[in-house]
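For reference, the structure is listed below as structure tokens.
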Amino acid sequence: MIGNLIPYGIMLVTAGCALWRGAPYATLPFLGFMCLWYTIRMILTRGDDKPVVDEKDARRERSLVILVGIGMVYVPIAVLAAPILDFAAYDALPGQIALGFLVGLLGAYIFWRSHADLGKNWSPHLELREGHHLVTGGIYAWMRHPMYTAIFLINGAQMLMLTNWIAGPLGLATFILLYLARIGAEEEMMRESFAEEWEVYAANTPRLLPRRMR
Ligand code: SAH
């Protein structure tokens with residue numbers, strides 16, 4: 001429980017450093033969003049996890065998640081707190097931060113809906129848990145991978161709000177790698193486990209962009 005609060009401390013210290021040194025970024029709105037996404041995940045995944053009964057590509061999965069952590073969390077925090085990449089900072093175009101804010105809000109909403117609908121079937125890696133069932137309702141009736149849609153939107157918000165040619169796009173670059181490496185294996189795992197149920201679901205529901213067909 002206490003451990004869950006540590007990221008807020010880190011974000012608070014980061015905000016303090018960034019404001020104190022006059023970092024050339026939309027510091028508070030961007031950190032506010034990081035807090036929001038983190039809070040959604042923390043609240044909706046709290047409680048005990050069910051045991052994992054099947055796991056795919058464990059080592060590759062863990063490396064990819066660390067890589068995405070670097071692109072979406074560690075580098076943005078470091079860049080705000082310290083002047084390490086300020087040479088790549090640029091001035092936002094008019095409306096850029098506001099657009100990032102809207103994209104971030106939409107991402108947060110879809111992120112929240114997907115965590116709420118997936119419930120205890122969620123895993124950061126490719127895993128099936130005890131009593132795993134195929135979720136096809138709620139936001140999963142609109143697309144098969146709403147959490148990835150949400151993360152792509154969050155990547156868009158990072159790109160728009162963290163006005164740095166390197167750190168801004170880094171979240172998207174690292175998440176694209178995870179997505180491309182994982183998506184085939186994830187769908188294969190679902191097909192293996194849920195057979196006909198998955199086939200019918202996949203045939204009627206698009207991957208990332210919403211379209212309600214049933
Ligand atoms: N790809 C989904 C879920 C991401 S979390 C999305 O973007 O919303 C990854 C884990 O979710 C996988 O390990 C798998 O076990 C589980 N999963 C993915 N789709 C699922 C579904 N429709 N129902 C239940 N579990 C699912």
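Table for the structure above
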{"read-out": "Criterion (without any contact (Cβ under 8 Å) to a residue 40 or more places away in the chain and within 16 Å of the ligand (Cβ to nearest atom)) met by exactly one of Gly138, Gly131, Gly107", "value": "Gly138"}
{"read-out": "Test result for Ala92, in a loop (DSSP other than H, G, I, E, B), modelled with pLDDT of 95 or more and open to solvent by less than 80 Å² (accessible area, probe 1.4 Å)", "value": "yes"}
{"read-out": "Residue within region 56-68 that is under 19 Å from Tyr148 (Cα atoms) and not in a helix (DSSP H, G or I) present", "value": "yes"}
{"read-out": "Unique match (being open to solvent by less than 10 Å² (accessible area, probe 1.4 Å), in contact with a Leu (Cβ under 8 Å, 6 or more places away or on another chain) and more than 10 Å from the ligand (Cβ to nearest atom)) among Gly156, Gly168", "value": "Gly168"}
{"read-out": "So Ala181, is it modelled with pLDDT of 95 or more, assigned to a helix (DSSP H, G or I) and within 8 Å of the ligand (Cβ to nearest atom)", "value": "no"}
{"read-out": "Residues (of a type in the set (Val, Ile, Thr), over 15 Å from the mean Cα position of the chain (by Cα) and in a helix (DSSP H, G or I)) located in region 134-156", "value": "Ile139"}
{"read-out": "When residues of region 110-125 are limited to those that are surrounded by fewer than 19 Cβ atoms within 10 Å (Cβ to Cβ) and among the aliphatic types (A, V, I, L, M), the one farthest from the ligand (Cβ to nearest atom)", "value": "Ala116"}
{"read-out": "Residue in region 80-100 that is more than 16 Å from the ligand (Cβ to nearest atom) and under 16 Å from the mean Cα position of the chain (by Cα) present", "value": "yes"}
{"read-out": "Odd one out for Gly3, checked against (1) under 30 Å from Thr163 (Cα atoms); (2) not in a loop (DSSP other than H, G, I, E, B)", "value": "(1)"}
{"read-out": "Which numbered condition Ala15 misses (of (1) surrounded by 15 or more Cβ atoms within 10 Å (Cβ to Cβ); (2) under 16 Å from the mean Cα position of the chain (by Cα))", "value": "(2)"}
{"read-out": "Members of region 180-206 found to be open to solvent by 90 Å² or more (accessible area, probe 1.4 Å) and more than 20 Å from Val52 (Cβ to Cβ), listed by number", "value": "Leu180, Glu196, Glu197"}
{"read-out": "Filter result for Met143 (hydrophobic (A, V, I, L, M, F, W, C), crowded, with 19+ Cβ neighbours inside 10 Å, within 13 Å of the ligand (Cβ to nearest atom) and modelled with pLDDT of 95 or more)", "value": "yes"}
{"read-out": "Hits in region 95-133 - residues which are assigned to a loop (DSSP other than H, G, I, E, B) and at pLDDT below 95", "value": "Trp122, Ser123, Pro124, His125, Leu126, Glu130, Gly131, His132, His133"}
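The values are calculated or read from the model by the stated rules, or taken from the named source; none is laboratory data. Since this is a predicted model, take the numbers as computed values, not measurements. Methodologically, a virtual Cβ is constructed for each residue, glycine included, from the backbone with ideal geometry; neighbour enumeration extends over all protein chains shown. Side chains included, ligands, DNA and RNA excluded: accessible areas come from the protein's heavy atoms. Shrake-Rupley method; radii C 1.70, N 1.55, O 1.52, S 1.80 Å.
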